Amino acid sequence: MHIDATEKKWIYLTFLMTFAGIGVLAAYAIKDNIYPPSNVETIDSAALHLSDEFNEDAIGVRREKDGSIRVTMVAARYGFFPQGITVPVDTPVKIRIASADVLHGIHTVDTNFNTMVVPGYVSEVNTTFKKTGTFPMFCNEYCGLGHDFMWARLTVVPKEKFKL
Ligand code: CUA
């Protein structure tokens, strides 16, 4: 089969660009510890308020016995509850979040905290926040007319200033 020289050049270039793209993605995924959410755990989204973990009194920030932080949140049109969380810097944080209605997402720029929140499932992210400051956590899945206004505040404080 005859392939024109120019065409051949472009075929090589296309492969090169594809593998370069995959290489860049892989490098960033490894560097920033990005991984696909893999927690398959079901929950009745219509009854979160009756569950042990996601009821109104149970959600929020807690410290585990091993010193790590556990955050429990609910996503519901159009907000995250609690609306603000405070966690210590450089400390392992486990975030568990469930939707009370439709599909949402939660995302903080410059961190690997980014997950879909699918109704019927508990989303779990393990991360360590490396920078102190106040950051927005945005909903990044279109969930209705109020989607643009759905966000919460993440405050990362120095370890010695963290209190529960
Ligand atoms: Cu919740 Cu978009």
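Considering only Cα atoms, the convex hull volume of segment 121-164 works out to 122 Å³ per residue.
Each label was represented as a point 7 Å from its Cα along the Cα-to-Cβ direction; for Asp57 and Ile11 these points are 7.0 nm apart. Return one number: the angle in degrees, 0 to 90 and rounded to the nearest 10, between the long axis of the Cα atoms of helix 5-31 and the longest principal axis of the Cα atoms of the chain. Approximately 20 degrees, to the nearest 10. Under the 0.36 nm per residue contour assumption, what length would be gained going from the current alpha-carbon distance of Val109 and Lys130 to full extension? Length difference between fully extended and current span is 6.3 nm.
The packing ranking of peptides 122-134, 55-67, highest mean first, is 122-134, 55-67, where packing means the average number of other beta carbon atoms within 10 angstrom of each residue.
What does the helix-only formula give at 222 nm for the chain: each DSSP H stretch with n ≥ 4 adding -39500 (n - 2.57), the total divided by the residues, and the result rounded to the nearest 500 deg cm²/dmol? Roughly -6000 deg cm²/dmol at 222 nm, from the helical runs in the chain.
With one equal scatterer per alpha carbon and no solvent term, the Debye-computed log10 I(q)/I(0) for the chain at 0.11, 0.12, 0.15, 0.17 1/Å reads -0.52, -0.59, -0.83, -1.01.
Among all the lysines, which ones have a C-alpha under 30 Å from Lys130's C-alpha, if same-chain residues fewer than 8 places away are not counted? Cross-link targets: Lys31, Lys65, Lys94, Lys159, Lys161, Lys163. A viscosity of 1.567 mPa s and a temperature of 4 °C, combined with the Kirkwood radius over Cα pairs in Stokes-Einstein, give a translational diffusion coefficient for segment 83-152 of 102 µm²/s.
Here, each number is a calculation from the coordinates, and none is a lab measurement. Treat the numbers as computed from the prediction; the structure is a model and nothing was measured. Cβ sites come from the backbone with ideal geometry, for glycine too, and all protein chains shown count toward neighbours.
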